[in-house]
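Down below is the structure, laid out as structure tokens.
Taken together, the values in this text are just the output of simple stated rules run on the coordinates, not laboratory data. None of these values were measured; they are calculated from a predicted model. Don't worry about glycine lacking a Cβ; one is built from the backbone with ideal geometry, like all the others, and counts go over all protein chains shown.
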Amino acid sequence: MSKIAGDKTSDPGHRRKPKTIRFHLACLAALFAVLVIVTAGMGALYQAIATARDLRKYPPPGKMVDIGGYRLHLYSTGEGNPTVLMDAGLGNTALSWSWVQPELSKFTRVCTYDRAGLGWSDPSPFPRTSGQIVKELRAALAKAGVHGPYILVGHSFGGFNVRLFAYQYPDEVTGMVLVDSSHEDQLINFPSAAIRLREERLENYNWRGQFSFFGLTRLQTGPNTSLPPEWQDASQALKSRTPTYRRFARKCRDSNKVRLKCEKPAGR
């Protein structure tokens, strides 16, 4: 039977053309996927190597105290009584006191620390409530032999913790200093613009946490020039670790629900 002129369905070239286009598009998509996977793998490898290098280059200046399967970093300097016990603001580490601690250490003992999951401290398996934070801190102090009486110093979120510490263990506390301390009702009284700004920052921290696994956050993190020069690189290294931004963002969200629901200790 002769081929009918103008019959496109019987034209082999017409049938092959759409398949050829689809084939090339599929190849391009596969090539793009391979490039993404390879790039992500190289980024993850870079992050792992850089993190291991940082851990060797910037060891904790204080003691790593085991409190039951995980460790807190406790940094004690100076001698004398009372002991000045300092709790940093939300997302901050013991390094945030690095201007203050050496000066106070000239005449008494000063103890700073990293809350679980921050700085050099291991993450905790328990919820990040002020009650749990105080429990962990007191356990670390006892095991490290850093006894009271204490003068408690709390900055921002740390103010929650030292207030609760003083309430639960008043016989161990001889004084307290609140440095721009947070208040349990502050989020209720924040203006709407401040709430929106806070949510934007949290979203930014979430994204940084996701990208940190591939080393992108490390490339964007600069030195904290507000710290003494000898601690700036260590602070940058700590912030470049993969879990840092994720934990910070989660802690910020948890702080929306923070209330000092103090219960009287047994026997009081």
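Summary table below
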read-out: Percentage relative contact order, the range 63-182, counting C-alpha pairs under 8 Å, at least six apart; value: 29
read-out: Label-reachable residues, the range 86-130, where backbone N falls under 11 Å from a point 7 Å from HIS147's Cα toward its Cβ; value: none
read-out: Point-to-point label distance, ASP185-ASP66, nm (Cα→Cβ direction, 7 Å offset); value: 4.6
read-out: Stretchable slack from LYS135 to LEU197, in nm (0.36 nm times residue separation minus alpha-carbon distance); value: 19.1 nm
read-out: Linear extension gain, TRP99 paired with LEU25, 0.36 nm per residue minus alpha-carbon span; value: 20.7 nm
read-out: Hull shadow area, averaged, the range 63-182 [alpha-carbon convex hull, nm²]; value: 6.4
read-out: Per DSSP, loop chymotrypsin sites (Phe, Trp or Tyr not before Pro) in the range 53-122 with at most 12 further Cβ within 10 Å; value: TRP99, PHE107
